[in-house]
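**Student:** Below you will find the structure I want to go over with you.
Taken together, the values in this text are just the output of simple stated rules run on the coordinates, not laboratory data. On a predicted model such as this, the values are computed, not experimentally measured, just so you know.
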Amino acid sequence: MSTRSDPATRIWRLFNVGLLGLGVLLLAGFFGMMALNGQRIPPSTPCWPPPFHLSATTAHPGDTLTVEAPDADCHPHYGSKAQAEVQLRDPKSVTLVSLLVPMTDDGGFRTELNVPGNLPPGNYSVSATPYGIDTCFDSVHVGGAALGFDAGEPLASCALPQKPLTVVAR
């Protein structure tokens with residue numbers, strides 16, 4: 001270790017200290033921006049979409065049901081242009097009615113779902129999910145990588161949130 005204090009050595013030390021300081025500032029800025037946007041690295045817990053509610057579990061053809069969800073407590077930050085997709089599905093999961101409705105930044109929404117007048121009696125389901133947003137935290141593409149999943153690992157798929165709806169004849 002040199003004890004020289006010639007100008008070249010001092011400049012080299014100042015340069016190294018400056019690089020270290022710049023690195024610290026860049027990291028602090030990165031993590032600070034993530035915190036301002038409400039994101040954690042890695043996320044401490046997944047922020048699931050809020051559960052939705054259906055105004056009735058039994059309906060007649062031609063009835064109107066209310067489908068709604070409260071805002072999530074964990075503040076998922078879906079954005080100001082977020083939408084929820086509400087679907088009426090038959091027993092084989094074929095979509096019969098699909099609606100895109102405005103959703104709050106925290107996932108809340110409220111809409112009316114018209115049961116088609118020509119729908120035969122039977123068991124159906126209603127689903128509601130954020131539109132165009134992968135909310136599966138078992139996926140490497142969103143939360144999975146941050147939670148430690150490897151792209152080569154087999155992952156279970158997310159279950160579609162559904163509520164049963166029985167349609168009865170008038």
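**Student:** On full extension of the chain, what length is gained from Ala8 through Val168, given 0.36 nm per residue of separation minus the C-alpha to C-alpha distance?
**Tutor:** Details: separation 160, 0.36 × 160 = 57.60 nm, distance 8.87 nm.
Working it through step by step, the gained length comes to 48.7 nm.
**Student:** With θ set to phi - 60°, apply the Karplus curve 6.51 cos²θ - 1.76 cosθ + 1.60 along the stretch 117-122 and write out the HN-Hα couplings as whole Hz, x wherever there is a Gly or Pro.
**Tutor:** The phi angles translate into x, 9, 6, x, x, x Hz.
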